[in-house]
Amino acid sequence: MQLRHAILGLLDIAPQSGYDLGRAFERSVAHFWHADQSQIYRTLDRLEADGAIDTQTIPQQGRPDRRVHSLTQAGRAELTEWLGAPLESLQPKEPFLARLFFAAPLGLDRILALLDERAAMISAGLDQLRALPRLSDSLDAVLRTATLDAGLQQGEAELEWLRSTRRMLESQETR
């Protein structure tokens, strides 16, 4: 998946400004796809140059003009093609696991602190996910709730794994 596909998907829901898209990422897909505001704007520029989106400029008084983006037929076709394509192979990149893999030189106390820091991050993320609405009134809502459930279950599983890893490490200390 590329960022452009997530943006096309969000624009398929409703036309939005770059700012709105940033907020939409935070409130909906952030638990499985991260994008910062500058990446969103750069991708919008490319999508517009590729003819995948149209941009309407709406003048505003006392503020910069608002640029609202919407899908073109070409953008909708690209989104549909991507949705129907074979799934991409898993290519995980998990900085925390890479750090943990090599963490032995830190010593047990610092490794446990690393686990605690990760647990706090995961717990905060779970709190954010739990605050999201759970809808089931349409196929779109059911699918969005399913991805929310995946994020919640993954977070809970990671917290359990962190607790288990902590117990294993603490038992090493007593040997």
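Counting heavy atoms of the protein chains alone, Thr55 has an accessible area of about 40 Å² for a 1.4 Å probe. Rounded is the label for region 1-47, because the ratio a/c of its alpha-carbon gyration tensor axes (a ≥ b ≥ c) stays below 1.5.
Database remark: amide H of Trp33 closer than 5 angstrom to no amide H (H placed geometrically; neighbours at sequence offset of 5 or more, or on other chains; Pro and chain starts carry no H). Listed options for Cα extents along the principal axes in Å are [x] 67, 38, 30; [y] 53, 51, 27; [z] 37, 36, 34. The value calculated from this structure is the one marked [x]. In this structure the amide hydrogen of Arg66, modeled in the peptide plane, comes within under 5 Å of the amide hydrogens of Ile58, Gln60, none closer than 5 places in sequence on its chain. Distant-in-sequence amide contacts of Ile53, defined by a placed amide H-H separation under 5 Å and a gap of 5 or more residues or a different chain, comprise Glu48, Thr72. Using a probe of 1.4 angstrom, how much of the accessible area of region 2-66 is carbon and sulfur, in percent? Of the solvent-accessible surface of region 2-66, carbon and sulfur hold 48 percent.
Per residue, the chain exposes an accessible area of 68 Å² to a 1.4 Å probe, with every protein chain left in place. Surface calculation, 1.4 Å probe, protein heavy atoms: Leu100 sits at approximately 40 Å² accessible.
The values are calculated or read from the model by the stated rules, or taken from the named source; none is laboratory data. All of these numbers come straight from a predicted model, not from anything done at the bench. Accessible surface areas use protein heavy atoms only, side chains included; no ligands, DNA or RNA. Shrake-Rupley method; radii C 1.70, N 1.55, O 1.52, S 1.80 Å.
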